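The structure appears right after this line, and notes come after that.
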Amino acid sequence: MATEEIRVRGTVQGVGFRPTVYRLAKACGLGGDVCNDGQGVLIRVSGSEEAITKFVARLQTECPPLARINELTRISYKSELKFDNFVISTSVSNAIKTEITPDAATCLQCQKEIFDPFSRFYRYPFTNCTHCGPRLSIIRAIPYDRCNTSMSAFAMCSECAKEYHDVENRRFHAQPVACHVCGPTAWLERADGKSVTASMFSMLDDVDAVCTLLQKGEIVAIKGLGGIHLACDATQETVVQKLRQRKKRYHKPFALMARDIKVIEEYCTVNAKEKELLTSSAAPIVLLQATGKKVVAPSIASKQNTLGFMLPHTPLHHLILRRMNRPIILTSGNIADEPQCIDNDEGREKLGKIADYFIFHNREIINRIDDSVVRVIGDKVQIIRRARGYAPAPISLPSGFDNVPQILAMGSELKNTFCLLRQREAILSQHLGDLENAVAFNAYQETLNLYSNLFEHKPKVIAIDKHPEYLSSKLGKELADTKQIKINQIQHHHAHIAACMAENGIPLNSPPVLGIALDGLGYGDDGKLWGGEFLLADYRKFQRLATFKPVAMIGGEQAIYQPWRNTYAQLIAANLWDDCQQQYADLEIVKFLKNKPLKLLNQLIEKKINSPLASSVGRLFDAVAAAIGIYRDGCSYEGQAAIAMEALVDVSSLNNDKETLIYPFNFSFSDRIYYIDPRPMWQALLHDLQQQIPQPVMAAKFHKGLANAIVQMVKYLSQENLIFQVALTGGVFQNCILLEQVTKRLERLGIKVLTHSLVPANDGGLSLGQTVIAAAQLIHKS
């Protein structure tokens, strides 16, 4: 007889792992016990060596759906321990090294039960089991036991307790288990405070009444898993416009939810990979190509050819949509750019003038979690916003990052996430939004404190962005001063590239890659604003080899929201404004610009008053979009014009290899750096405007021309540097067309292309890059 201690680390708590251990141990005829602790799951087994080996093999192949084994270690005991049986022991609290599981969408078995009149879970909005339900959204502390969650307020009834303790039951040790008798309840309220009953609608219950309200054109605030959403019928333009005005979200696309895949397919094409994502336990919003067979209200995603759809991810949403044969809007319950409301009283106060009705419940949301957003490019998933269903699942770092002290990375100013490093695992927070909003910044600090406590994280180093005005960086400095620990300032685009390297498993001591980081802007090592960078980089350092010609951002931040400013700045930088007045005076863009205070704008540029130079490709996109007549006068959010231009691209022009369908760029070398100069592109574009070339063709020519220029620059740099791998990163590479065009051109040259799939290419992935750079520099010094 042999006795072993088996330590399992990974996503192994709250996912039915101990019941699986119990079942397999019994099947293999082993005695022993299993318990949760701060490191994961600890198993002690006694039996024949053959039986133990078989048990370990089955444990790895028959893992529960939501579980993930990162590490399994076995230690043999010299002396035999005698066990009469195999049992599940109580959890042990010690040093925390385990994972917290992301919230999981309702599994098929639970879905079946809520619609089965003979099930005790019939129409129960909070039905769950070990395969699905709330996790991160309700947890206060580790280990993941009921007493450490917001479900501690609900004592289990005898039936739930029976299932909870029945090892053969799917709900064995499912911490949020509950039913109509003992669990949370949902109820309907009117926003005006007047009383309401389901009988008013002749419906089954308050939850069913929500469907009727949506069909009638009402706006309903729905308290869900990680926050409150605002919902309305997505096919009624009048109510969609009402929601936009009340919410003060005038142009950003709205997310949609549909009852099932069949409803989605009436509006969009859905391929196998997209279907897999929609029906996964993460259940994210998936950006899909609109077909036009059936159409939603026009203002849902104006000037875009994609729609963001998700399927119901809780029993509450499944029950609401049971009778709904068309999509609904399901957007964050907030005002403008504030964080999503999570509390009932907060919802009443902040959303009372937006929603007509509320469907509330009394299960407290501990962690605010937005919906994740993904899209499929080629056959690869690109995460645009990493939140519900994905966070806080850790990302394992590549080889070489062993024995690194704990590190905290503060992330960026926009699309913020932070990152905790421990034991070669990077734990990224959920998407936390734009910190320039005071309420969002407060929520960021609260979430950071919560994670620090959950994981008992005590960093030795804090990594921040180099931008001196980022609130995340300022907070990082304050924390470092308070805790008397080292601060490490990381260059923005180096962090983007390092994040892409890390998620692609590039080992620590690998040769440098060529990173191409294209975005709105980031603070450069020279104190200027960068945004179109070619960096030869490893994890520790980088060399700036090339960039785009810097152009003034007239009015600073105003240039982000008034694209015409970028057009004028580009024409001035290219010395083409005089030509515009002489040769192209009849063009709409020239007439438009002539009506602006050009004398004042020129002074701002010449005297460098609130008009910093920036090598931003994001602003170049805005400039071209405005020139061809897309959101010329103003945008309500960054990148709006560029996204609309991408949607406009003529596919036939895109697939045509004629050189006449590519806008040209120039290349120059100065001060040991190569530059991409868009001057010839502007000359060609002005000519096309004069020839009244259609917008979609010009949009295609710009995308192809830019991709061609990027690849030509890689060719130049390859003559002087050994380049075998290129990392494409930064928010601009969320543009599907540009990403595909650059990737296929580089692959034709035999260059391996690294792109993002685990973290966003935008600033949402920046904290991962900050983390690995800080870790690499620590290792180098030790």
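The values are calculated or read from the model by the stated rules, or taken from the named source; none is laboratory data. The structure presented is a predicted model; accordingly, all values stated were derived computationally and were not measured. Note: ideal-geometry Cβ built from the backbone for every residue, glycine included; neighbour counts use all protein chains shown. To get the accessible areas, we keep the full protein, side chains included, count just its heavy atoms, and leave off ligands, DNA and RNA. Shrake-Rupley method; radii C 1.70, N 1.55, O 1.52, S 1.80 Å.
Exposed loop sites were defined as GluC sites (Glu not before Pro) in DSSP loop states (anything but H, G, I, E or B) carrying at most 16 other C-beta atoms within 10 Å; in the chain the longest segment without such a site runs 267-435.
Here, P(r) means the percent of Cα pairs in each 5 Å bin from 0 to the largest distance; for the range 650-712 it is 4, 19, 27, 23, 14, 7, 5, 2, 0. Surface listing: S150, S79, S670 arranged by accessible area from highest to lowest gives S79, S670, S150, probe 1.4 Å. If I fit a long axis through the Cα atoms of helix 679-690 and take the longest principal axis of the Cα atoms of the chain, what angle between them do I get, 0 to 90°, rounded to 10? The answer is roughly 80 degrees. With only the Cα atoms considered, the chain has a convex hull volume of 174 Å³ per residue. Using heavy atoms of the protein chains and a probe of 1.4 Å, the accessible area assigned to S399 is about 60 Å².
Taking all protein chains into account, the per residue accessible area for the chain stands at 39 Å² (1.4 Å probe).
Spatially, the range 240-271 and the range 555-598 are offset by 35 Å when compared through their Cα centroids.
Pop the C-beta distance of D578 and S399 into the FRET formula with R0 = 56 Å and round what comes out to the nearest 0.05. The formula returns an efficiency of 0.45 here.
Charged neighbours of V87, selected by a Cβ distance under 12 Å, balance to +1 (K, R count +1; D, E count -1). With the alpha-carbon atoms of the range 190-257 aligned to their principal axes, the span from lowest to highest coordinate is 37, 28, 24 Å, starting with the largest.
With kT/(6 pi eta Rh) evaluated at 25 °C and eta = 0.890 mPa s, and Rh the Kirkwood radius from Cα pairs, the range 46-173 diffuses with a coefficient of 140 µm²/s according to Stokes-Einstein.
Extending 7 Å from the Cα toward the beta-carbon at both K458 and Y164 defines two label points whose distance is 3.3 nm. Quick one: go through the range 22-57 and flag any residue whose amide nitrogen is under 11 Å from the point 7 Å out along the Cα-to-Cβ line of M1. So the set is 31-32, 46-48.
Mean residue ellipticity at 222 nm, helices only, the chain: -9500 deg cm²/dmol; runs of at least 4 DSSP H residues each add -39,500 (n - 2.57), and the sum is divided by the number of residues. The value obtained for the range 284-352, namely the Cα convex hull volume divided by the number of residues, is 133 Å³ per residue. Over all Cα atoms in the range 474-513, the spread is summed up by Rg and Dmax: 13.9, 37 Å.
Quick check: the angle from helix 736-748's long axis to the longest principal axis of the chain, C-alpha only, nearest 10 degrees? Around 80 degrees separate the two axes. Here the accessible area of the chain is 49 percent carbon and sulfur, with a 1.4 angstrom probe and all protein chains present.
Taking amide H atoms as placed 1.01 Å from N in the peptide plane, the amide H of I142 has no partner under 5 Å among residues 5 or more positions away or on other chains. Between V92 and E469, the modelled label-to-label distance comes to 5.3 nm, taking each label 7 Å out from Cα in the direction of the beta carbon.
The loop-placed chymotrypsin sites (Phe, Trp or Tyr not before Pro) in the range 100-192, going by DSSP, that have at most 16 neighbouring Cβ atoms within 10 Å of their Cβ come out as F115, F118, Y122. With a simple spin-label model that places each label point 7 Å from the Cα along the Cα-to-Cβ direction, the separation between K528 and R120 comes to 7.1 nm. Other residues within the sphere of radius under 11 Å centred on the Cβ of N666, judged by their own Cβ, net out at +1 (K and R +1, D and E -1).
Can you list the residues of the range 8-52 with backbone N under 20 Å from a point 7 Å past the Cα of R140, pointing along Cα to Cβ? Inside the label zone: 14, 37-38. To test your reading of the geometry: what angle, between 0 and 90 degrees and rounded to tens, separates the Cα axis of helix 49-61 from the longest principal axis of the chain? Between the helix axis and the principal axis of the chain, the angle is about 40 degrees.
The phi torsions of the range 610-619, fed into the Karplus equation with coefficients 6.51, -1.76 and 1.60 and a -60° offset, translate into couplings of 6, 9, x, 6, 9, 8, 7, 6, x, 6 Hz, rounded to whole numbers, with Gly and Pro shown as x.
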